[in-house]
1. Counting protein heavy atoms only and a 1.4 angstrom probe, how many square angstrom of accessible surface do chains B and A bury in total, to the nearest 100?
2. Once both labels are modelled 7 Å past Cα along the beta-carbon direction, what's the B:I444-B:D917 spacing in nm?
3. Charges only on Cβ, +1 for Lys and Arg, -1 for Asp and Glu: so what's the dipole of chain A about the Cα centre, in debye to the nearest 20?
4. Starting from 0 in steps of 10 Å, tell me what percent of the Cα-Cα pairs of the protein assembly as shown lands in each bin.
5. For A:E33 and B:Y756, FRET efficiency with R0 = 35 Å and r from the beta-carbon atoms, rounded to 0.05?
6. For the range B:952-1000, with the dipole built from +1 on Lys and Arg beta-carbon atoms and -1 on Asp and Glu ones, taken about the Cα centre, which of B:M976, B:L952, B:S988 lies farthest toward the positive end?
7. Taking 8 Å as the Cα distance limit and 6 or more residues as the minimum spacing, I'd like the relative contact order of the range A:3-83 as a percentage.
8. Mind checking Rg over Rh on the range A:3-83, alpha carbons, Kirkwood formula for Rh?
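The values are calculated or read from the model by the stated rules, or taken from the named source; none is laboratory data. In this text the structure is predicted, and so the values were computed from the model without any measurement. Cβ placement follows ideal geometry from the backbone for every residue including glycine, while neighbour counts extend to all protein chains displayed. Please note that ligands, DNA and RNA were not included when accessible areas were found on the heavy atoms of the full protein model with its side chains. Shrake-Rupley method; radii C 1.70, N 1.55, O 1.52, S 1.80 Å.
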Amino acid sequence: MFLINCPYCGERDQSEFSCGGEAHIIRPKQPTELSDDQWAEYLFMRKNIKGVQFERWNHAHGCRKWFNMVRDTKNDKIHAVYKMGEKPPVE
Amino acid sequence: MTKYRVNKTKHVDQTKTISFDFDGKSYHGFEGDTLASALLANGVHLVGRSFKYHRPRGIMSSGSEEPNAICQVNEDTDLTEPNVRATEIELYEGLKASSQNCWPSVKFDIGGINNFISPFIPAGFYYKTFMWPKSFWKKIYEPLIRWSAGLGKSPTKPDPELYDHKHVHCDVLIIGGGISGIIASKISAKNNLKTILIEDKNILGGSTIFQKNENYKINNKYSSEWLNEEIAELKKLDNLTIKTRTSLAAYHSYNYLLAKENISDHLPLEKRNGDIRQRLWKIRADKVIVATGAIERPLVFNNNDRPGIMLSNSVKKYLDFYGVSCGFNNVIFTNNDSAYETAVSFKEKGISVEIIDIRKKSNSKIVKNAEKLGVKIYWNSTIVNTLGHRKINSIEIMNLSEDGSNVVGDKKRIKCDCLAISGGWTPMVHMHTQSGGKLDFREIDQTFIPNEIDENHINVGSCNGDFELEDIIKNTNNKVKNFLKVSESEFDNTSVLNSKELDKRNIWLLPNFISEGKCKSFIDFQNDSTAKDIKLALREGFKSIEHVKRYTTTGMATDQGKLSNMHALGIIADTAGVKMGTLGTTTFRPPFTPLTFGSIVGRSVGKFFDTIRRTSIHEWHSQNNAKFENVGQWKRPWYYPINDEGLHDAVQRESKAARDSAGILDASTLGKIDIQGTDASEFLNRVYTNAWSKLGIGKCRYGLMLNEDGMVYDDGVTTRLGENHYLMTTTTGGAANVLSKLEDYLQTEWPELDVYLTSVTDHYSTASICGPNSKKILKKIFPDKDFSDDAFPHMSYQNGKIDEINCRIMRISFTGELSYEINIESKYGKSLWEKCIEAGKEFKITPYGTETMHLLRAEKGFIIVGQDTDGTMTPIDLQMDWIVSKKKYDFIGKRSLYRSDTIREDRKQLVGLLTDDPNEVLEEGAQIVSDINKKPIEMIGHVTSSYFSPNLNKSIALAVVKSGKKMNGQKLIVPMENKNINVIVSDSVFLDKENKRINA
Ligand SMILES: [Zn+2]
């Protein structure tokens, strides 16, 4: 059970959050101009890394804000949390 | 006093007698006893039958690692509790327990026949034998396995006990109240750290608390004496919470731990008073110190499972802690020094004991001590057989060859009534590995010890591989000081004297003159797997420890292999000729010992199981005989039976009334989202499939929302309240998800949009009035308002007032009838409703529930998201092309609507179905086929909604069918269990295709 440092609220129990999958996947600005394969790449393909991974999280039962997290999926160490729109920290 | 109670100790109060029943027979024990110690005091060793062979089994240990003495507590079948370890049941007045896993009785067990056919029950027996024929499963194999396995009986009634949860935070959590846990607690608490110490036993002190041996002294006192003084001081510390009878269940990441506290299980039944039985502690600790100790290993030799064969340190605990001698002719079988402490304890009390030691010699102080007391020691020897049916009565020993791989010389028989075995010690690394920690293998004593890298968690004492008293004290002190960043402690100058083990010898599987195949050398006592099973698994090609474990079921019982895992690994390593450290260990998973369901759910039972949401009008519904159905967390009126009307009759009456005159529905549960901001229109354009920019203020529009994959996600009517202000409605069940999805897009994809979302579902109550007379009723409620179609057309909204209270009136329809919805602040919901009922009286206004609502909309072919759709339906599949904007450049899901898969013409599509027999109502979920003769029969779709329509006087259904769009008029079949129903594909709109009724 993680202890997550919400960038707006501070440390809270994992049960207040929900995970929204891989971060930094930007919705294409012109979806209609994409081929099936390009659209599928956006829609379905996720990395699911064993190791350091960038994830979206939502403080669903708190401030309801979305933010990003850098987490090592091997040991669940959270290396960083940062607000939406901010640049990911360089590893 | 029974004859086995040979010793008075301070832990058992022999002035307080407690009577209890075991297997229907009455016994006496004392306050302080466990069920196991009380049984042993009465000479009872045989407590159960083994799982597979039904061999007689006795109490083996004194703690949570017990594999055999698994009991059923409480005879009342309503409330009985299975799988409780007798070694952990504190004796209380009125305790009734029985052996598990044997029938008809522990002494005569029918399943025991398995013991004689055991050559035919090898490893993987269940996998191999019960594979075929398949038809045997239901009637023969499964009942047979269930009957003969029978790991206890479940209670038949809901648990009446009260359970609790408690959340706590602390600076330091110490797990285990043995000597190292006590040292750690003292250092922590004395340095102003908020400390919690948990211990699963009822008293602190671990195995040191009954250690009274000249060879183990601390500051020149017996180690138990020294520890007692430490504990007395510890209890005075302010910032230390000591929780006994509290066992750690799980150690999760970020130092989040679960511990179960037993509050009333040890009390006499009449003193329990319905108070809390168990409390689950949810602890978030800054730092964790694990001091869970070590478990003694058994030895693996032929027939090592008879009642009377016990772990050596447990035999010592029964003697020195409980005052019970497990036998009068004791033999100790060991490979290490610790068993000599047991021998010395026996001898000092004048009880006969001999030792079989597989080592060639040992010159430590404790061994000398035993020799001096006259204990006979057979060096370099092993046991090749044990005898005695219900209890051990003798053993046969032989000498070991030089390299220990074989036995030599003559067999010698020794009489005994208790055999104490010790194969060394295994650190309890469960907690460390549960937290994600890794292990290192230590060759010298063949142990896995924690490899520590986490800066917020350490292991101390014997769970960290320190087995000598001096190491335990010195290393615990140093480690804890470092960990807590403390420069000095009171333990810095503690002087320790202890006998040190100098000679070691380990043989995982002891050799025998009998061939391996004929030996019964048990590894996992609870699951009955033997060394032979492990070797067979290896011969059959299993290599991974995880596979061997599952194939042989070793370590898969309720004790999770606490006694068996190391031997299984050792035998695999020896047989395969590889180093044990390279095999890795199996994963220990929480809980460490089984938890009750009660402690897991805590107070979340009965009415607290889930949140119940009721509308402001709920009370009226109840008073008017409504039957409710759960829609998400909401209680919605389902139908309103009059007198003894059933569902069908009530729904037929309600449906007819709604179309013939007037009906009223509580629509308050529909999700409502208030949308404001200068980009609100643009936002709706992006989230709905249709266009919103041109919707006039005061107008309503139906919208369909997709997922990015093009599948229908939600629907509802949205009303434009002002230039930059909308009120969106969602389905009842989808409200929370829709809001969070919209928030997601706003915050992450389109942060540039000026839009604010507020959930107002609970803020407004909604009465929906429909039917040809609805306009007249509205006119009575709002006499000043012009309800003409010109002034107040379909799909528009106006503000209104009832007794000076503002409300919103929407002219929208989910039934196809002329229909109005009135929204009012929830606190006025019930009075609004009563006003509508009053005004509608002259038109026989009929309240209707969700079932009638579903029927009415089905007549009109309106979908229900989640009933007629299942996350695989596009708007095109639903034949709702009309709502998908061709002009809009983009909206959520648009691109997916022309992926190669979504444009397939043979997708399942929504159609209407009419049965040949108009009285035949299809079952929702029924499969649809076109050709019943072609085998295998192809299922081409299923029924999603089905009703008998009183307004059309025939059965109607909605269904999704492959290529359904092209099938209008085609005959299909709905095969049921005893008949095939003929149907014909129709339009999905059954009533009023011309939309006349909406303006009636
Ligand atoms: Zn937050």
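1. 2400 Å²
2. 8.6 nm
3. Dipole about the Cα centre, nearest 20: 200 debye.
4. With a bin width of 10 Å, the distribution comes to 2, 9, 14, 16, 15, 13, 12, 10, 6, 2, 0, 0.
5. 0.65
6. Positive-end residue among those listed: B:S988.
7. On the way: 126 pairs, mean separation 24.9, N = 81.
Contact order relative to length: 31 percent.
8. A ratio of 1.05.
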